[in-house]
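Nothing in this text is a laboratory measurement; each read-out follows from the coordinates by a stated rule. Note that this is a predicted model, so its numbers are computed, not measured. Glycine gets a Cβ as well: all are built from the backbone with ideal geometry, and neighbour counts include every protein chain shown.
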Amino acid sequence: MRSPLLDVAGAVAGQAPDEAVAAHYGDLYGEQRALLRGAALVDRSNREVVRVSGVDRLSWLNNLSSQKLDNLPPGTVTQSLILDPQGRVEHHLTLVDDGDAVWMHVEPGTAAQLVAYLEKMRFMLRVEIDDLTEAYAVVSGAPNGKVSAAPTDKGDVAFPEGSILMGADVLVPRAELANVVSRPAGLWAYEALRIEAHIPRLGFDTDHKAIPHEVGWIDSAVHLSKGCYRGQETVARVHNLGHPPRRLVFLHLDGSADTLPPHGTPVTLGVSSPAEADPATAMEGATEGSATPGQIGFIGSSARHYELGPIALALVKRTVPVDAELVAGGVPATQEVIVPPDAGRNVTIDPALRRRIK
């Protein structure tokens, strides 16, 4: 559904799958700063909203997804994953229970598939699943932040009745969207801060083969000692016995380039980096994008940050040295570690590697 905020002066629509919301309103860096100050909200109303109600909802979702949800306290925001039988990520859920129902929002265009899967798994349990995308819209503050009121020119005001607070996100009645986001920042501003915070996005920083360990969701969306769920065998095997084939990295891109490498751009080793020990395996794990000679990964998300300049997230082979210089679509890049090469085998991600939005 096309957002009414695309009619705001200066609004420029995003690209698929975000074409229904504004990428920016003419001041990319100013919009980033406004988000960090808590002086603006981002219209993410292209995301889709699903509600699960019924007395069995928490125990049921606990059995279907990667997070421990059977005793989730009301008002506690968390993340969970729906995996396929091989442990590959199908859905990334941001959710909260309000005491009567679990509310979740997911990537654009994925709610129908999620609801179909949930309906198939209902059996005789007391749960009801509703796609409420037409009724509710997602608005957000800065990633990793917390939103409790909507900023306006006259000061912060309470969100309308029926809104669902979810930490950095709020589900608001869709009819109130234009009134709630009276001081908007575009999605590009949000994406720049998300990339800075090392937060992966499903379908951008993942592909059809991605598993939780590769992108760091093992520490935020997976409970490692809960009961069985679909795909749990892969999670346990990697965590206890092995390593994921790829790892998410943060890239500082050369600022002299006038364009950003788009999603799917092949990543290769830089000319000053050591060559792969076995050139025959250079493509192993690269997956997304074309079979570029020497490809060791691909660009997921990229953005221009108001302080850091051009930045990106990339998924690369686990064995790529952490100090290797990389090239993304002809643009030189240096790495920061997000997922360490020794992830798995009971190695957890050092919280110090997570950027904090200030």
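Observations, loosely collected:
- Reducing the range 169-232 and the range 91-142 to their Cα centroids gives an inter-centroid distance of 14 Å.
- Loop GluC sites (Glu not before Pro), the range 79-178, which have at most 14 other Cβ atoms in a 10 Å radius of their Cβ (DSSP): E134, E161
- Taking the DSSP beta bridges with both ends in the chain, the antiparallel portion is around 95 percent.
- Viscosity 0.692 mPa s, temperature 37 °C, Stokes-Einstein D of the chain from Kirkwood C-alpha radius, µm²/s: 156 µm²/s
- Gyration tensor verdict on the range 177-247 (Cα atoms; rounded if a/c is under 1.5, prolate if a/b is larger than b/c, oblate otherwise): prolate
- Dipole in debye (nearest 20) - the range 192-244, about Cα centre, beta carbon charges: Lys, Arg +1; Asp, Glu -1: 180 debye
- Taking the Cα centre of the range 106-179 as origin and assigning +1 to Lys and Arg Cβ atoms and -1 to Asp and Glu Cβ atoms, the resulting dipole is close to 220 debye.
- Gain upon complete extension [V271, R345; 0.36 nm per residue less C-alpha separation]: 23.4 nm
- Reach of K120 by Cα under 16 Å, taken over aspartates and glutamates that are not fewer than 8 positions away in the same chain: D56, D84, E90, E128, D130, D131
- Here A324 and M1 are evaluated by their C-beta separation; at R0 = 35 Å the FRET efficiency comes out at 0.20.
- Overall form of the range 1-117 per C-alpha gyration tensor (a/c, 1.5; a/b vs b/c): prolate
- Taking a ≥ b ≥ c as the square roots of the eigenvalues of the Cα gyration tensor, the range 83-214 is classed as oblate, since a/c reaches at least 1.5 and a/b does not exceed b/c.
- Efficiency of FRET from Cβ geometry, L64 and Y306, R₀ 41 Å, rounded to 0.05: 0.55
- Candidate cross-link partners of K154 among the lysines, defined by an alpha-carbon separation under 27 Å and a same-chain spacing of 8 or more, comprise K146, K358.
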